[in-house]
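Engineer: Structure below; questions to follow.
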Amino acid sequence: KAGHTGDGSTCTDVDECLQNNGGCSQRCVNTVGSYQCHCHPGYTLTPGSRTTCTDVNECEDPVMNQCDPNAHCLNSDGSYRCECKSYYRGNGTHCEGCFCPPEIIPGTANQPALSGNPCPCVSGFIVSNNFPSLYLNSADMYWFFNMAQLSNSTRQYKGMRFRVESLSVESQDDYISFGCGTDPDRHERFTITQKHVNVTNFHLSNCTGAWVHFYSGPNVPNTRFKIYYEMVPSLCHNLSCDVNAVCSTDRS
């Protein structure tokens, strides 16, 4: 029979893989009377071909890769890799964020802060530089949030919630202040100092823009923090109130 050799009374299997790898582009597996071509992990047989292997694009189907939803999947020949998106941190299979980049003015608090680079995410984290290590002394950090810019036809953001996940303020010179608008010098709402280390949750309401300012004094650095933030949508945007009614905004 095909795939065998002998004198008719005695037949033995022919190992097709011994000659030119059976024509297989990768692995040849001998079977009784025949053979099969197999592919290495990350490859599959080309449709319509028994011998040629082609790369599997694991990035086309989330089920085929282990990338975090906040990571980019980058296909490669026979494999893939995951890279966290901008402002996210991790190994690609697990990404935490969004970590807002601050605007840093080193050495003095007398220079004006600029709001040209607001945080790009509706929710995320703000952390002190070098976190979880202590922050360098004598420097300013600013974060700005443009809620009007991130609003759309279905959600209008009018406030922000903050949740302190890690906080250590030991120097009386250091503080973290919060406020609405774009001018930290004029619209301060709340300040965390060494007297407020037990504060865990607070919010800003009726804002379309907000800011956070961290100042570290000239003494030995003693401050570190990680604060989660989340923009709060206005309930009124999605409600159809009567013309003679007043919609109360979300203050939770």
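The values are calculated or read from the model by the stated rules, or taken from the named source; none is laboratory data. These numbers come from a predicted model, not from an experiment. Please note: Cβ atoms are built from the backbone with ideal geometry, for glycine as well, and neighbour counts cover all protein chains shown. The protein model used for the area step is the full one, side chains on, heavy atoms only, and it has no ligands, DNA or RNA in it. Shrake-Rupley method; radii C 1.70, N 1.55, O 1.52, S 1.80 Å.
Engineer: Looking at (1) at pLDDT 75 or above; (2) part of a loop (DSSP other than H, G, I, E, B), which is the one condition that is false for D250?
Structural biologist: It is condition (1) that D250 fails.
Engineer: Moving to a separate point now. Would you please name the residue that is surrounded by the most Cβ atoms within 10 Å (Cβ to Cβ), looking only at residues in region 183-197 that are among the β-branched types (V, I, T) and at pLDDT 80 or above?
Structural biologist: It comes out as I192.
Engineer: Applying the selection to region 203-236, what residues are of a type in the set (A, V, I, L, M) and open to solvent by less than 70 Å² (accessible area, probe 1.4 Å)?
Structural biologist: Those that are of a type in the set (A, V, I, L, M) and open to solvent by less than 70 Å² (accessible area, probe 1.4 Å): L204, A210, V212, I227, M231, V232.
Engineer: Does C28 fit the bill of being crowded, with 16+ Cβ neighbours inside 10 Å, without any contact (Cβ under 8 Å) to a residue 40 or more places away in the chain and assigned to a strand (DSSP E or B)?
Structural biologist: yes
Engineer: Every residue in region 173-203 that is under 17 Å from N222 (Cβ atoms), in contact (Cβ under 8 Å) with a residue 40 or more places away in the chain and more than 26 Å from the chain's Cα centre (by Cα), please.
Structural biologist: Once the filter is applied, which keeps residues that are under 17 Å from N222 (Cβ atoms), in contact (Cβ under 8 Å) with a residue 40 or more places away in the chain and more than 26 Å from the chain's Cα centre (by Cα), region 173-203 yields D173, D174, Y175.
Engineer: Being within 28 Å of R89 (Cα to Cα), surrounded by fewer than 14 Cβ atoms within 10 Å (Cβ to Cβ) and modelled with pLDDT of 75 or more: is that true of T200 here?
Structural biologist: yes
Engineer: Sort through C180, C236 and tell me the only one that's modelled with pLDDT under 80 and touching a strand residue (DSSP E or B) at 6+ places or on another chain (Cβ under 9 Å).
Structural biologist: When all the criteria are applied, what remains is C236.
Engineer: Can I ask one more? Taking T12, is it free of Cβ contacts under 8 Å to residues at least 12 places away in the same chain, β-branched (V, I, T), assigned to a strand (DSSP E or B) and surrounded by fewer than 18 Cβ atoms within 10 Å (Cβ to Cβ)?
Structural biologist: Taking the combined requirement at face value, the residue satisfies it.
Engineer: Of all residues in region 52-70, which are open to solvent by 40 Å² or more (accessible area, probe 1.4 Å), out of contact with any Lys or Arg (no Cβ under 9 Å at 6 or more places or on another chain) and part of a loop (DSSP other than H, G, I, E, B)?
Structural biologist: T52, N57, D61, Q66, P69
Engineer: Test of understanding: among S168, S177, S153, which residue is in a loop (DSSP other than H, G, I, E, B), surrounded by fewer than 21 Cβ atoms within 10 Å (Cβ to Cβ) and not β-branched (V, I, T)?
Structural biologist: S153
Engineer: Being assigned to a loop (DSSP other than H, G, I, E, B) and open to solvent by 50 Å² or more (accessible area, probe 1.4 Å) is the filter; apply it to region 71-99 and report the residue that is farthest from I227 (Cα to Cα).
Structural biologist: Across region 71-99, the extreme among qualifying residues is D77.
Engineer: Which members of region 119-130 meet the condition of being modelled with pLDDT under 85 and surrounded by fewer than 22 Cβ atoms within 10 Å (Cβ to Cβ)?
Structural biologist: Scanning region 119-130 gives N129, N130.
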